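The structure appears below as structure tokens.
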Amino acid sequence: MADGPHGCLRRDKGSPQCLVEAGEVDARRERVFERRLLGREDCLRSREVSIATGHVGYPAESPYSPSIAYPEYCFGSETLAEETNDAYEGVREALHLLQLDEEHYGRKDWNPLGQVIRPGDTVVLKPNFVREFRETRPGLDDCTITHGAIIRAAVDYAYIALKGTGRIIIADAPQGEANFDEICRIAGLDRIQDLYRRYADVEVEVYDLRPERSRTLDGALIGYEPLPGDPRGYATVDLGIHSMFVPIEHLCRRVYGSDHHRRETRRHHTGGVHEYSIARTVLEADCVINLPKLKTHKKTGLTVCLKNMVGINGKKNWLPHLRLGTPAQGGDQFADDGLKHRVERYAMACFRRVVPWLGPVRTRLGRPLQAMGKHIFGDTNTDMIRSGNWHGNDTAWRMVLDLNRAILYADRSGNLRGPGARNLFCIVDGIVGGEGNGPLDATPKAAGVVVAGRNPVAVELACALVMGFDRMQLPLLCHALDRNHSAPLLAFGYDEIICKSPVDPAGCPLSHCDILAMSFRPHFGWRGKIERNRRQMYPG
């Protein structure tokens, strides 16, 4: 042995004493991990959801400070905004309705997220940053990505809980071709970061979790460009026997991911293996705050807390989105196998194989060919069901539930452990939701709500009610409620969920909260199938 730095004894790495000490350290870490698991299992049992209502619109200027000096506000009066910030107030009200740290409400030391965040923790905030543009409409109309004002409020309450020590990270893996820098600009994250650098003891870090960005021409993939990706790298999480794909293992040869390189998708979903590439920044977090947008979705009916977890997966083509063919063939790409669909499949397969080799010519051919395809086969964005964009999609919901099991059960290394590997909390931006052809071409729906809770399934069910959707017609929600699954996502039934709102602050069963229901217009592939009042809307 030799003296180490500062006079400490330095032992050889392989010495018996060093190995014993390393084993003791590992054992201590294991005991700490197990103790934290016991507290974090509360996510499975947490059946309370809050719905803050009546919050209209967002402030125009980042960094989206509140205009009111709330007793717990963590910065000085010089940072307050002149413009009313109803979004910040909505988040605050949603946390208060849950009676978090109730004894300190109205005081400087109110710490509503103190149950899920401790000083020194790493907190990851996961917004919905899907893309910076819509398919057929200009701008985002506040109905596509999580608004920066909701993010700012969540960051502030996380900072209060950290008490000056720890890390705050905003991270997402948006759609393949998305421009992450532009999304961050739209969300005003740069000015939020500037404010924290100037006034806080903790900086706000922002990560694009994608390892690569796809380059497309009018929707057709023409290549990839590498990105820095998650600075902590990625862990392969194998759901194995716990995957929702196990019952349809024999059909996984048909799965289709994010692009036409189907071999890659099939390789990670075959022979009892069902793997996902999860960002280590997320896995190593002590708490993940889920910040979804309240929207409709073409493949799952709705996208809120559960679907938002798609953004923790780095390698997009590991995610099965659909199965090729029709239901009669074991697929869910199309509803039927008419001649037009068969010709379209053949034409698109040829186009995808040829377009990368066309070089400069593809920029001149792309738009005319796309226009001709729409004229002959119909428009995906308006009236033509294809690519699994309908209520018969039997693939996407399985992938979504797998990812939610990964975030709940996988430890820091990606190994499946007991429930509660990290604390979870959900805050849904429903002040302006997205209806119609979501998630990429939605139209704004002024809902005025912020929905919050610890269990993502319970929060999602509350959001389905707010949207006016029938949970029994949404496979994603029906299967999420399965308490008999080997890795359940909740430990209670639908009738046990308690909803707290300004209408009933004390709380009542969610099944009795119809007064809060609205009528979101579904994606056209789901129209007439999931609306709670569909019999009145579509008689006969």
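The table for this structure:
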| read-out | value |
| --- | --- |
| Residue check for PRO63: of a type outside the set (Val, Ile, Thr), more than 29 Å from TYR207 (Cβ to Cβ) and assigned by TED's automatic domain parsing to the domain that holds LEU294 | no |
| Checking HIS512 against (1) modelled with pLDDT of 95 or more; (2) exposed (fewer than 15 other Cβ atoms within 10 Å of the Cβ), the condition it does not meet | (1) |
| Elements of type strands (runs of 3 or more DSSP E) contained in region 424-537, each with 1 or more residues being of a type in the set (Asp, Glu) | 441-453, 504-509 |
| Conditions (1) buried (at least 20 other Cβ atoms within 10 Å of the Cβ); (2) farther than 30 Å from GLU435 by Cα: number failed by ARG263 | (1) |
| All positions within region 386-403 that are of a type in the set (A, V, I, L, M) and over 9 Å from LYS299 (Cα atoms) | MET399, VAL400, LEU401, LEU403 |
| Matching entry among VAL310, VAL304, VAL282 (being over 17 Å from LEU476 (Cβ atoms), β-branched (Val, Ile, Thr) and within 17 Å of the chain's Cα centre (by Cα)) | VAL282 |
| Residue pairs meeting the criteria (Cβ under 7 Å; at least 6 apart or on separate chains; first assigned by TED's automatic domain parsing to the domain that holds GLY414, in region 237-251; second assigned to a helix (DSSP H, G or I) and surrounded by fewer than 21 Cβ atoms within 10 Å (Cβ to Cβ)) | MET244/HIS479 |
| Boolean, PRO292 is without any contact (Cβ under 8 Å) to a residue 40 or more places away in the chain, in the same structural domain as ASP402 (by TED's automatic domain parsing) and not aromatic (Phe, Trp, Tyr) | no |
| Residue match in region 206-229 (condition: loosely packed, with under 15 Cβ neighbours inside 10 Å and under 20 Å from ALA396 (Cβ atoms)) | yes |
| Residue match in region 197-206 (condition: at pLDDT below 95 and among the aromatic types (Phe, Trp, Tyr)) | no |
| Residues satisfying the stated conditions in region 252-270, i.e. of a type outside the set (Lys, Arg) and in contact (Cβ under 8 Å) with a residue 24 or more places away in the chain | CYS252, VAL255, TYR256, GLY257, SER258, ASP259, HIS260, HIS261, GLU264, THR265, HIS268, HIS269 |
| Helices (runs of 4 or more DSSP H) contained entirely in region 114-213, each with at least 3 residues that are closer than 25 Å to GLU78 by Cβ and charged (D, E, K, R) | 189-199 |
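The values are calculated or read from the model by the stated rules, or taken from the named source; none is laboratory data. Values in this document were obtained by computation on a predicted structure and should not be read as measured data. Here Cβ is always computed from backbone atoms with ideal geometry, including for glycine, and neighbour counts include all displayed protein chains.
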